[in-house]
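In what follows, a structure is listed as structure tokens, so that the remarks can point back to it.
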Amino acid sequence: MKFDLDAVFVEHGCAGYPLATRILRALPREVPVTHVADPRESTRPASGARDPFGAGKRRMVIARRKSAFLAPCPAGSSEFACCGYLVLTLASNCPMDCSYCFLQEFLADNPAFQVYANFTDSFDELDRLIGNARGRSFRVGTGDLADSLAFDSLTAMSRELIEFFASRESLTLELKTKTGEIENLLAMDPRGRVLVSWTLSPDAVYRSSEHLTASPAARIAAARAVLDAGYRVAFHFDPLIAYPGAERDYILLIDELLDTIAPKEISFISMGGLRMTPRLRGAARSRFPGDPMLCGEDVLASDGRLRTFTPLRLNLYRTLADRFRKAGAEIPAYLCMEAASVHESVFGAPPSRPAIIGNRLARD
């Protein structure tokens, strides 16, 4: 197990699920296990805790999910150009601790790391999806409310997911991560249906802001390993942070990536600027008061988020897009949570419709 846990709580009725059995067998003996009726009440940090959100990350809850697993990406709306991504929520929160992470706001009242014992029920939802949309392909990811591979050495969820997706030609699974936790993946045959993606940041951002994550070099090395094992790979440069020297550092990062993985081997890239609601920025600065990456030039945008000053943001987008363009192979690229006008300013053309983008990214 690569991340520390202070305690594990098992909701009544979940102990018999295969996932719960695997976790409890693999846990270090010193981690206490408690069976509870109400996981939320049982896992709340003590009143007055200095960092209740950080404490919550070290408490795992094994529970049943009572709502749907599958949903459109919450970043997709009429305000933003959308990539057609579908989200599969199989866990909630992350044992890593990036200073800019939106979960600090979104999960502030429920910070324990939750994993859903009945996660294989999501397979029925996926089969209904493709049964009702014959001829379409879908890219489905598990990396929205949780890193896709953090704790995978403990849960082994990836094995069942890969086995399921490998047999559905119209589905592509995206496992999005900042870890190097790929051991279970290397033991499986994805049959071309699984894509593993890494969020990449320069060393300056990694050292300052991305606590407990794998280093950028380790992420790139892991990508090379899974690519050689038959997986597709992609990369997310999100959030881009406009700090002094950022343009140089991002170019060096891309050069390091392309020295290891050829452009033609990259399924796609995405980019997104640093964005925070005022509440999130307050929480982030309170928890990480010494992080200079949280102190850039930002303005309140029409969507209620503080965003990097537009000329700085556009300059970074264009710098990265131009560097990939000069690499000599056309790599599909999109912007996350940006208006169509920004996409056109960066790439010189308006974005395609979400269904077209989603279908292309699932198939390429």
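The values are calculated or read from the model by the stated rules, or taken from the named source; none is laboratory data. No experiment lies behind these values; they were computed from the predicted model shown. Here the Cβ positions follow ideal geometry from the backbone for every residue, glycine too, while neighbour counts run over all protein chains shown. What goes into the accessible areas is simple: the full protein's heavy atoms, side chains included, and nothing from ligands, DNA or RNA. Shrake-Rupley method; radii C 1.70, N 1.55, O 1.52, S 1.80 Å.
A few remarks follow.
- For the stretch 326-339, a residue qualifies if it is surrounded by 15 or more Cβ atoms within 10 Å (Cβ to Cβ) and either more than 22 Å from the chain's Cα centre (by Cα) or not in a loop (DSSP other than H, G, I, E, B) (or both), and the qualifying residues are Ala327, Ala333, Tyr334, Leu335.
- Some residue of the stretch 291-299 being among the β-branched types (Val, Ile, Thr) and crowded, with 18+ Cβ neighbours inside 10 Å: no
- Taking the numbered list (1) within 24 Å of Ala234 (Cα to Cα); (2) open to solvent by 30 Å² or more (accessible area, probe 1.4 Å); (3) not in a helix (DSSP H, G or I) in turn, Asn315 passes all entries but (3).
- Matching entry among Leu240, Leu252, Leu280 (being without any contact (Cβ under 8 Å) to a residue 60 or more places away in the chain and not small (Gly, Ala, Ser)): Leu252
- Some residue of the stretch 248-266 being surrounded by 15 or more Cβ atoms within 10 Å (Cβ to Cβ), within 29 Å of Gly135 (Cβ to Cβ) and hydrophobic (A, V, I, L, M, F, W, C): yes
- The stretch 249-267, residues that are within 14 Å of Asp203 (Cα to Cα) and either touching a Pro at 6+ places or on another chain (Cβ under 9 Å) or β-branched (Val, Ile, Thr) (or both): Asp249, Tyr250, Ile251, Leu252, Leu253, Ile254, Glu256, Leu257
- The set of residues in the stretch 211-236 that are open to solvent by 40 Å² or more (accessible area, probe 1.4 Å) and within 9 Å of Gly180 (Cα to Cα) comprises Ala218, Ala221.
- So Val233, is it touching a residue at least 40 places away in the same chain (Cβ under 8 Å), touching a strand residue (DSSP E or B) at 6+ places or on another chain (Cβ under 7 Å) and either over 30 Å from Pro289 (Cα atoms) or assigned to a loop (DSSP other than H, G, I, E, B) (or both): no
- Unmet requirement for Pro289, which otherwise passes all of (1) part of a loop (DSSP other than H, G, I, E, B); (2) modelled with pLDDT of 90 or more; (3) in contact with a helix residue (DSSP H, G or I) (Cβ under 9 Å, 6 or more places away or on another chain); (4) not charged (D, E, K, R): (3)
- Number of positions in the stretch 340-353 that are in contact with a helix residue (DSSP H, G or I) (Cβ under 9 Å, 6 or more places away or on another chain) and either modelled with pLDDT of 95 or more or not in a helix (DSSP H, G or I) (or both): 4
- Taken together, the residues in the stretch 190-225 that are in contact (Cβ under 8 Å) with a residue 24 or more places away in the chain and either in a loop (DSSP other than H, G, I, E, B) or closer than 19 Å to Asp144 by Cα (or both) amount to 20.
- Filter result for Cys94 (modelled with pLDDT under 85 and under 22 Å from Val140 (Cα atoms)): no
- Residues that are modelled with pLDDT of 95 or more and part of a loop (DSSP other than H, G, I, E, B) within the stretch 68-91 comprise Ala68, Phe69, Thr89, Leu90, listed in sequence order.
- Conditions (1) without any contact (Cβ under 8 Å) to a residue 40 or more places away in the chain; (2) aliphatic (A, V, I, L, M); (3) outside any strand (DSSP E or B); number of the one not met by Leu320: (1)
- Of the set (1) touching a strand residue (DSSP E or B) at 6+ places or on another chain (Cβ under 6 Å); (2) assigned to a helix (DSSP H, G or I); (3) of a type outside the set (D, E, K, R); (4) at pLDDT below 95, all apply to Phe165 but (4).
- Checking each residue in the stretch 133-168 for being of a type in the set (D, E, K, R) and open to solvent by 20 Å² or more (accessible area, probe 1.4 Å) picks out Arg134, Arg136, Asp144, Asp147, Arg159, Glu160, Glu163, Arg168.
- Restricting attention to the stretch 142-169, the residues that are among the small types (Gly, Ala, Ser) and free of Cβ contacts under 8 Å to residues at least 60 places away in the same chain total 6.
- Considering residues of the stretch 168-181 that are touching a strand residue (DSSP E or B) at 6+ places or on another chain (Cβ under 7 Å) and part of a loop (DSSP other than H, G, I, E, B) only, the residue nearest to Cys94 (Cα to Cα): Lys178
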